[in-house]
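Data first, discussion second: the structure below is written as structure tokens.
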Amino acid sequence: MVDDVIRSLKSAGWISREAKNLNDTFMDFPKVFQLLLEKFNEKQVRFALIGGFALHAAGHTRTTDDIDFLVFQEDVAKIKAIMLSLGYELVHESEDVANYLGPAKPLGGVDFLYARRKYTRAMLERAKAQKVLDDRFQVKVILPEDLIGLKVQSSSNDPKRHHQDLADIEILLRIHRNHLDLNLVQEYFDLFDRREELKAILRRI
């Protein structure tokens, strides 16, 4: 099955025909974006970028080795069918997230956060179209305050992420402070009883 997928992707030009050891190459973000966006649009999957590409769209660039999407829970079955049809392996799934790994390095890793609660569903509804990857694609991206909200959550759930997520939050607040909905940002911090951390960051910037 995987070999058939790789052969078809080579035939379609998604993977170089000359590539022999596919594990020695890097994720081809433009081609994966094009491949996934075509499938998502065909199946009417509603989505928005989160993670490293959303950070970049918000003006803060960090290296990333995968693509992260926020999707409505109602579209999970469509997404699973799409990803498996492309040869991706579902390496982890819970009621909130799914992580897929491509059959070859150029297809890389694609992660999904399921919008099933009011906060994440509202984030997806608010997402706005932006150009990404050197303006090659126009896709919906969550707002900076919602990206902050996800980072407040992830740093609360995983202490190992606390330092990096707080650094990202501070940079996003510096860049967007005059345009953010600070009441919403405060609400995100309050959900995890962390208002004092927000106050400290705002004093610093």
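Every number here is computed from the coordinates shown, using simple stated rules; none is lab data. Source: prediction; values computed, not measured. Reconstructed Cβ throughout: ideal geometry from the backbone, glycine too, with neighbour counts over all protein chains shown.
Between Lys160 and His179, residue separation times 0.36 nm minus the direct Cα-Cα distance comes to 3.9 nm. Eigen-decomposition of the gyration tensor built on the alpha-carbon atoms of region 83-196 gives equivalent ellipsoid semi-axes of 27, 18, 14 angstrom, largest listed first. Our estimate of slack between Lys131 and Ile205, defined as 0.36 nm per intervening residue step minus the Cα-Cα distance, is 23.8 nm. Peptides 158-171, 132-145, 106-119, ordered by how many other C-beta atoms sit within 10 Å of their residues on average, highest first, read 106-119, 132-145, 158-171. Here the sum of -39500 (n - 2.57) over DSSP H runs of 4 or more residues, divided by the residues of the chain, equals -15000 deg cm²/dmol at 222 nm, to the nearest 500. When Val45, Val71 are sorted by how many other C-beta atoms sit within 10 angstrom of their C-beta, beginning with the fewest, the order is Val45, Val71. Taken one residue at a time, the phi angles of region 134-146 give Karplus couplings (6.51, -1.76, 1.60, θ = phi - 60°) of 6, 6, 6, 10, 10, 9, 6, 10, 5, 5, x, 5, 6 Hz. Gly and Pro are set to x. Listed by chain and number, the lysines whose C-alpha is less than 19 Å from the C-alpha of Lys105, apart from same-chain residues fewer than 8 away, are Lys10, Lys20, Lys31. Amide H to amide H, with H built 1.01 Å from N, Gly109 comes under 5 Å of Ile67, Gly102, counting only residues 5 or more places away or on other chains.
If R0 is taken as 25 Å, the Cβ-Cβ distance between Ala167 and Leu191 corresponds to a FRET efficiency of 0.80.
What percent antiparallel are the DSSP beta bridges of the chain, to the nearest 5? Could you put the intermediate results ahead of the total?
Details: 18 of 26 bridges.
Of the beta bridges lying entirely in the chain, close to 70 percent run antiparallel.
A simple rule links phi to the HN-Hα coupling: the Karplus curve 6.51 cos²θ - 1.76 cosθ + 1.60 with θ = phi - 60°, which for region 172-186 gives 4, 5, 4, 5, 10, 3, 6, 10, 7, 7, 5, 5, 5, 4, 4 Hz, with x for Gly and Pro.
Sorting Ser94, Ser156 by the number of Cβ atoms found within 10 Å of their own Cβ, with the fewest placed first, yields Ser94, Ser156.
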